[in-house]
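Encoded as structure tokens, the structure appears first; notes follow it.
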Amino acid sequence: MTLLSSTTVDLARIQFATTSIYHFLFVPLTLGLGPLVAIMQTLWHRTRDETWLRLTHFFGTLFLINFAIGVATGLVQEFQFGMNWSVYSKFVGNVFGAPLAIEGLAAFFLESTFLGLWIFGWDRLSPRLHLLCLWAAVAGSWLSAYFILVANSWMQDPVGYKIVNGQAHLTSVWALITNEWALYAFVHTILAGLTAAAAVVFAVCCWHFTRGRNLELFRPAAKLSLIVLVPVACANLWFGSHFGILVTRLQPMKISAAEAQWNNCQRCPFSLFQVGGLSSSQPTPSFSIEVPGLLSYLSTGSFDGKVTGLNELDTQYRHMYGPGNYEPPDWVIYWSMRGMAYLGSLVALISVLGALLLWRGRLERTRWFLWFAIVGSSFPFLASAFGWVLTEVGRQPWIVQGLLRTSSASSPAVSTTWVAISLAVFVTLYAILLVADVWLMRRYAGREPGAGPEGAPLEPAPGY
Amino acid sequence: MGLPQLWFILVAVLWSGYFLLEGFDFGVGMLLPFLPRDEQQRDQMLETIGPVWDGNEVWLVTAGGATFAAFPAWYATMFSGFYLALLLVLVFLILRVLSFEWRTKGADARWRRTWMWANAIGSFGAPLIWGVGLSALLYGVPIDSSGNFTGDLASLFSPYTVLGGVTVVLLFLAHGAAYLTIRTSGDLCDRAAGAARRLSPPAAVALVAFLAWTVVVAVDRNDRAALPPSVPAALGAVAVAAAVALIHRRRSGWAFTATAAATVLLVATIFTGLYPRVMVSSTAFHNSLTVANASSAHYTLAVMTVVAAVLVPVILVYQAWTYHVFRARVGGPRAPEPSPPEQAPAGARPATGA
């Protein structure tokens, strides 16, 4: 194996982490806002109530602003595998390349073509066909989520392959696309997308409630967003914890690291918060709050379940794979797991409180809650970012679980300087984009519906 | 013909589709600062490509994905070797994507001008690099015996590859102007016809020179039999000459067909010159990556073949349908009346003339 500079690998990892997390700020919104806007347009189509048409335009614009960044940053992801990780690309191409190519053929063409038809087709297509175009674009975006998660899941749980001449060769495409991990990840991601989008729609409504304007428009939107948000946010908490049982079975190291569980245990307590205890040199926390038996329940589905500790897992891995350190960085995993779970729970709490207040007819007057919901719309995005850190950092030192190490997967042709340059370029460019995007989103989310920010005619204008 | 050969052809087809389709929207983008009389015409230019540019770009995404799946070693060496060039392409494409979506979202003239230039620069830079990069595959770059790129950014550039880049830019300018002549009307259409008249002769000269040089590179440097690459090269020369003549006679439909054919034949010449190699090594010719040594195993290719056989015809049908839906010419002699949303028919965009 070629010797690769560890600085280059580190920079390439930072670049992948930065660009993926950034990309995934926009993806959940696209996955979730697409169907929400499509539901609004469907309601207009069914009821002919102009309110839903105005809402379709209003939230459709927010959808498109974000879709643009999703597309632009997604291209970077596809190129990056070959640019920074050529050893990885050669090793996995037979298996991992297939879902990527199918994603292009089956999903991206569908999504982009029909979205173009939707944006520009208002007066050229029959209303029914025009509505179908949006649903087709939504189907495209969900398909693309599925195929990219099939690819990622193979890195977590390689299935349907054999190793030939140092390359992974696909032996069963059925095993690849029905990988249990992929199905779990897909449902979890779609629920996260719907949660993020519904939370944003709800927050926009709350913001308009604080100003006491356009109530007749945002009341039905708030109701719709809560009808979606309450079940999906709660279901994702349950589903996410259920996903943990699968992860424990396939990647026990990830879960034990996430729980800072150094020794084997039965009826293990779940650590809600702790100080210290996150490194092998100091495995006992100096302070912690625990819930008895909960860790066993979360990772095995039974309060009596046994959890294998990090120390024993590390020994097992050394037997299987030779000398080395097989523990992911513990404090990152411990806290990203909690960041995800706690923020996800807060979103569920906001949704339930919001539904209660709406039911009692007090939502619009409860100002502290309106502001809480506005701030809270950022939580699903942060939770997703934490979730990906848990998933990807928790797999280390592997880039493909059990098959290829991250430290030997980067591009031998690429110098540290090149990676440093591209990292600097992406960080700068993405920072500018984020500022511009937030500025645009605020401008459009806060504007008077039915008119552009400066009172100009509303979307769709030529060139979007 | 085995599956690796089939996938080599499919990758070539995806690149051809990408050049053919995104070629004209790159061309329109490059013409944005120079062609229109005013902001309204600029909007109309963008309206001709607005519904389709994103679908066009997916041809690139799919070409990348197909290369990854069918030729992992080619994908790995090309993408890691052309690192800084591809970084630039990404920056150009990102600027462009954002300009489409964001240009109309700000109200002041400066915001719109900034994003108009972002589009023009992105539309110029990306094809320039694609031209250089694709011709470098054929001309050769430093690749060692284990198939790794050992050069730097400068190894991509030679007089031949620079001519490749310039040719692609000029051809796309003419192709974009020809596209505008079939998609616009009135004054804007006249201006586009004028631009096509001025731009097509230099594009033709560059293309003929580049095609001839490509045959020479394929035969002399790469030890290729003379006939195969010279066939698409000769056809490409005929197509671009026809384009010049048709543009001068204002046979706009046929002129666009001719620039489209010339674009496809440019890609076809490069790929026929390349075969059976996919990336030539300038370090030692036998280090070159070939269709045989860079391809995936049979099973993966077979799966991908079934998927492509089912999906590609469907994609072609709905993409063609998009062009059919938006076939009406944009703009016209009469200024469109921007109607306030309350008066417009439910959900309708203000009509933009003919």
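A few comments on the model shown:
- Pairs of Cα atoms farther than 23 Å apart, segment A:1-89, %: 45 percent
- Evaluated over the protein assembly as shown, the count of Lys pairs having alpha-carbon atoms less than 29 Å apart is 5 (only pairs 8 or more residues apart or interchain).
- Quotient of C-alpha Rg and 2.2 N^0.38 Å, computed over segment A:381-433: 1.44
- Of the trypsin sites (Lys or Arg not before Pro) in segment A:192-260, the ones in a loop by DSSP (not H, G, I, E or B) with at most 16 other beta carbons within 10 Å are A:ARG213.
- Multiplying the residue separation of A:THR417 and A:ALA17 by 0.36 nm and removing their Cα-Cα distance gives an extension gain of 142.2 nm.
- Considering segment A:127-210 at the alpha-carbon level, its Rg and Dmax are found to be 18.5, 64 Å.
- Among A:140-146, B:75-81, sorting by the average number of other beta carbon atoms lying within 10 angstrom of each residue, highest first, gives B:75-81, A:140-146.
- Difference of contour (0.36 nm per residue) and Cα-Cα distance, A:TRP368 to A:THR42: 114.0 nm
- Highest-first arrangement of A:263-269, A:177-183, A:103-109, B:293-299, where packing means the average Cβ count within 10 Å: A:103-109, B:293-299, A:177-183, A:263-269
- Peptide A:429-438 has a mean of 2 when you count, residue by residue, the C-beta atoms of other protein chains within 10 Å of its C-beta.
- Span-like helix ranges in chain A, DSSP H, alpha carbon extent 24 angstrom or more, Kyte mean at least -1.0: A:6-47, A:50-84, A:127-156, A:180-211, A:215-250, A:330-359, A:416-445
- Cα-Cα pairs of segment A:108-256 separated by more than 21 Å (percent): 63 percent
- Between A:LEU125 and A:ILE289, the simple spin-label model (points 7 angstrom out along Cα→Cβ) gives 5.1 nm.
- Antiparallel bridges, percent of DSSP beta bridges restricted to the protein assembly as shown (to nearest 5): 90 percent
- Debye log10 I(q)/I(0) at q = 0.08 Å⁻¹ for the protein assembly as shown, Cα point scatterers: -0.71
- Of interest is the spacing of the C-alpha centroids, which for segment A:277-297 and segment A:369-426 amounts to 26 Å.
- Computed from the Cα positions only, the extents of segment A:282-399 along the three principal axes stand at 63, 32, 28 Å, in decreasing order.
- Hydrodynamic radius (Kirkwood) for segment B:110-176, which is based on Cα pairs only, to one decimal in Å: 13.4 Å
- Fraction of alpha-carbon pairs over 23 Å apart in segment B:119-262 - percent: 41 percent
- With all protein chains modelled, accessible area of A:MET83 [1.4 Å, Å²]: 10 Å²
- Estimated from the Cβ-Cβ distance and a Förster radius of 35 angstrom, the FRET efficiency linking A:THR428 and A:LEU353 is about 0.30.
- Inter-label distance, A:LEU215 to A:SER345: 3.5 nm, where each label sits 7 Å from its Cα along the C-beta direction.
- Formal net charge of residues neighbouring A:SER144 (Cβ-Cβ distance under 10 Å; K, R +1; D, E -1): -2
- Cα principal axis extents for chain B, largest first, Å: 68, 40, 37
- Considering only Cα atoms, the convex hull volume of segment B:1-126 works out to 99 Å³ per residue.
- Partner shielding of B:93-99 amounts to 6, given as the average count of beta-carbon atoms from other chains within 10 Å of each residue beta-carbon.
- Using every pair of separate Cα atoms, the Kirkwood estimate puts the hydrodynamic radius of segment A:30-174 at 17.0 angstrom.
- Taking other residues whose beta carbon is less than 11 angstrom from the beta carbon of B:ARG96, and scoring Lys, Arg as +1 and Asp, Glu as -1, yields -4.
- The angle between the Cα long axis of helix B:159-183 and the main principal axis of chain B comes to about 30°, on a 0 to 90 degree scale.
- If R0 is taken as 30 Å, the Cβ-Cβ distance between B:VAL216 and B:THR305 corresponds to a FRET efficiency of 0.30.
- Neighbour cut-off at most 15 other Cβ (10 Å), DSSP loop, trypsin sites (Lys or Arg not before Pro), segment A:315-410: A:ARG360, A:ARG362
- Shielding by partners - mean other protein chain Cβ count within 10 Å, residues of A:117-130: 4
- Largest first, the extents of the alpha carbon coordinates of chain A on the three principal axes equal 67, 49, 41 Å.
- Here the calculated FRET efficiency for A:LEU403 and A:SER172, from their Cβ-Cβ distance with R0 = 22 Å, stands at 0.85, rounded to the nearest 0.05.
- Value of D in µm² per second that Stokes-Einstein yields for segment B:227-321, Kirkwood Rh from Cα pairs, at 4 °C (1.567 mPa s): 79 µm²/s
- Cα gyration tensor shape of segment B:94-146, rounded if a/c is under 1.5, else prolate or oblate by comparing a/b with b/c: prolate
- Point-to-point label distance, B:TRP117-B:MET1, nm (Cα→Cβ direction, 7 Å offset): 4.8 nm
- Cysteines without a disulfide-compatible neighbour (Cβ-Cβ under 4.7 Å), chain A: A:CYS133, A:CYS205, A:CYS206, A:CYS234
The values are calculated or read from the model by the stated rules, or taken from the named source; none is laboratory data. These numbers come from a predicted model, not from an experiment. For neighbour counting, all protein chains shown are included, and Cβ atoms are generated from backbone atoms with ideal geometry for every residue, glycine included. SASA here: full protein model, heavy atoms, side chains in, ligands and nucleic acids out. Shrake-Rupley method; radii C 1.70, N 1.55, O 1.52, S 1.80 Å.
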